[in-house]
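J.: Below you will find the structure I want to go over with you.
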Amino acid sequence: MQSSYQATRRHPSVMLLIGISVGVFLLQALTRTPGFPSVWDHYFYLSQTGVGRGFLWQFISFQFIHANLLHLLFNGWALYVFGRMIEETLGKDGFLSLFFMSGALGGLLHLLIAWSTSGMEVPQYMIGASAGIYGLIAVFARLWPDSPMMLFPFPVTLRVRHFFFILLAIAGVGLLFSGAGQVSHAGHFGGAIGGLLYAHYFMGRRTPVFAAKQTVRPREFKAAKVRGVARVFAQKANRPARPAEMSREEFISREIDPILEKISAHGMHSLTEKERQLLESARSKLDGRSR
């Protein structure tokens, strides 16, 4: 119970999106009547016919609607896994902007394909958070490209950037051969492109989209007015120097300043136990030297 509370407090936007999706799913189950047209299909699913009637809110509403429990569980899991680190790094506003921008761009590409294949007569529906999640994965791969992840349930470990390239290739091939079919590959592809555009224009221009050996720190986002603290899952390839190997100034710059920035942005409660111990150790050493 406590861990759930801490997750909600540290990642409020991620937990809010998951909570809304679960609430909408339950509301759908309670309001659907078999054999009768659904108000959800008409007003809240994204389709070329709905947008053509002026239902522009569908660019947002479709991202909270899921076809079945498995669809909801998978998207909720992906949102939790990739969204937490991004919200910590980009902050609430940056995280939500990235998610909804990617989702809307994925929805727009879906509509273009639907219009080109079915016109305005036959609606081609799109639902789910997948487009926004593809955008999150794109930015995650930009920030922490070498972080390892396992392809559950297969015992295969890939770097995140390779995982993203695989997803992008699958979406691209699906877009070419299936159009706006049951799985919206157009939405997935558009969402991934949205994430790449966000990374390029809002996280620093003239930087490579994927830097194989880049460690992201909060200072890199000051120019873009995005605050937070980046934490890499696995840093074996970029292992920083140990405190004993650093000079006093280098130790403060690399280890203590990011912690102080995190306190300034999120408060003392946001620190991990390791960060608290490091800060306390540094404080004791500095106090001892000043006496």
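J.: Check LEU176, LEU109, LEU96 and return the single one that is of a type in the set (A, V, I, L, M), in contact with a Phe, Trp or Tyr (Cβ under 9 Å, 6 or more places away or on another chain) and either surrounded by fewer than 16 Cβ atoms within 10 Å (Cβ to Cβ) or assigned to a helix (DSSP H, G or I) (or both).
T.: Details: LEU176 fails: in contact with a Phe, Trp or Tyr (Cβ under 9 Å, 6 or more places away or on another chain); LEU96 fails: in contact with a Phe, Trp or Tyr (Cβ under 9 Å, 6 or more places away or on another chain).
The match here is LEU109.
J.: Taking into account only those residues within the stretch 77-92 that are without any contact (Cβ under 8 Å) to a residue 60 or more places away in the chain and out of contact with any helix residue (DSSP H, G or I) (no Cβ under 7 Å at 6 or more places or on another chain), which is nearest to LEU143 (Cα to Cα)? Give the derivation first.
T.: Kept after step one, since they are without any contact (Cβ under 8 Å) to a residue 60 or more places away in the chain, are these residues of the stretch 77-92: 77-78, 81-82, 86.
Applying the additional criterion that residues be out of contact with any helix residue (DSSP H, G or I) (no Cβ under 7 Å at 6 or more places or on another chain) yields 77, 81.
On the way: TRP77: 20, VAL81: 14 Å.
Only one residue tops the list, namely VAL81.
J.: Would you pick out the residues in the stretch 23-52 that are surrounded by 12 or more Cβ atoms within 10 Å (Cβ to Cβ) and not in a helix (DSSP H, G or I)?
T.: Once the filter is applied, which keeps residues that are surrounded by 12 or more Cβ atoms within 10 Å (Cβ to Cβ) and not in a helix (DSSP H, G or I), the stretch 23-52 yields ARG32, SER38, PHE44, TYR45, LEU46, SER47.
J.: Is the stretch 9-22 home to any residue that is in a loop (DSSP other than H, G, I, E, B), over 19 Å from MET126 (Cβ atoms), assigned by TED's automatic domain parsing to the domain that holds LEU111 and under 18 Å from the mean Cα position of the chain (by Cα)?
T.: First pass over the stretch 9-22, keeping only residues in a loop (DSSP other than H, G, I, E, B): 11.
When the remaining residues are screened for being over 19 Å from MET126 (Cβ atoms), the result is 11.
Those left that are additionally assigned by TED's automatic domain parsing to the domain that holds LEU111: 11.
When the remaining residues are screened for being under 18 Å from the mean Cα position of the chain (by Cα), the result is 11.
Looking for residues that are in a loop (DSSP other than H, G, I, E, B), over 19 Å from MET126 (Cβ atoms), assigned by TED's automatic domain parsing to the domain that holds LEU111 and under 18 Å from the mean Cα position of the chain (by Cα), one finds at least one in the stretch 9-22, hence yes.
J.: In a loop (DSSP other than H, G, I, E, B), among the hydrophobic types (A, V, I, L, M, F, W, C) and without any contact (Cβ under 8 Å) to a residue 60 or more places away in the chain: which single residue out of PHE74, PHE55, PHE59 fits that description? Break it down into steps so the answer makes sense when it comes.
T.: On the way: PHE74 fails: in a loop (DSSP other than H, G, I, E, B); PHE59 fails: in a loop (DSSP other than H, G, I, E, B).
Within the list PHE74, PHE55, PHE59, the selection yields PHE55.
J.: For the stretch 123-159, what are the residues that are more than 13 Å from the chain's Cα centre (by Cα) and of a type in the set (A, V, I, L, M)? Spell out the reasoning first.
T.: As a first pass, look at the stretch 123-159 and keep what is more than 13 Å from the chain's Cα centre (by Cα): 123-128, 145-159.
Matches in the stretch 123-159: MET126, ILE127, MET149, MET150, LEU151, VAL156, LEU158.
J.: Further question: Here's a check for you: in the stretch 53-66, which residue that is of a type in the set (Phe, Trp, Tyr) and buried (at least 18 other Cβ atoms within 10 Å of the Cβ) is farthest from ILE127 (Cα to Cα)?
T.: Narrowing the stretch 53-66 to residues of a type in the set (Phe, Trp, Tyr): 55, 57, 59, 62, 64.
From the residues that got through so far, the ones that are buried (at least 18 other Cβ atoms within 10 Å of the Cβ) too are 59, 62, 64.
Numbers: PHE59: 10, PHE62: 5, PHE64: 8 Å.
By that ranking, first place goes to PHE59.
J.: So, one more: With the structure loaded, tell me whether VAL160 is free of Cβ contacts under 8 Å to residues at least 40 places away in the same chain and aliphatic (A, V, I, L, M) or whether it fails that test. Quick ask: steps written out before the conclusion?
T.: Values: free of Cβ contacts under 8 Å to residues at least 40 places away in the same chain: yes; aliphatic (A, V, I, L, M): yes.
For VAL160, the condition - free of Cβ contacts under 8 Å to residues at least 40 places away in the same chain and aliphatic (A, V, I, L, M) - is met.
J.: When only residues in the stretch 159-211 that are out of contact with any Pro (no Cβ under 8 Å at 6 or more places or on another chain) and among the aromatic types (Phe, Trp, Tyr) count, which is modelled with the lowest pLDDT? Even if it seems obvious, please write down each step before you answer.
T.: As a first pass, look at the stretch 159-211 and keep what is out of contact with any Pro (no Cβ under 8 Å at 6 or more places or on another chain): 162-209.
Then keep just the ones that are among the aromatic types (Phe, Trp, Tyr); that gives 163-165, 177, 189, 198, 201-202.
Values: PHE163: 93, PHE164: 95, PHE165: 94, PHE177: 78, PHE189: 95, TYR198: 95, TYR201: 89, PHE202: 87.
Among them, the one singled out is PHE177.
The values are calculated or read from the model by the stated rules, or taken from the named source; none is laboratory data. Remember, predicted model here, so these are calculated numbers, not experimental data. Counting neighbours? That spans all protein chains shown, and the Cβs are built from the backbone with ideal geometry, glycine included.
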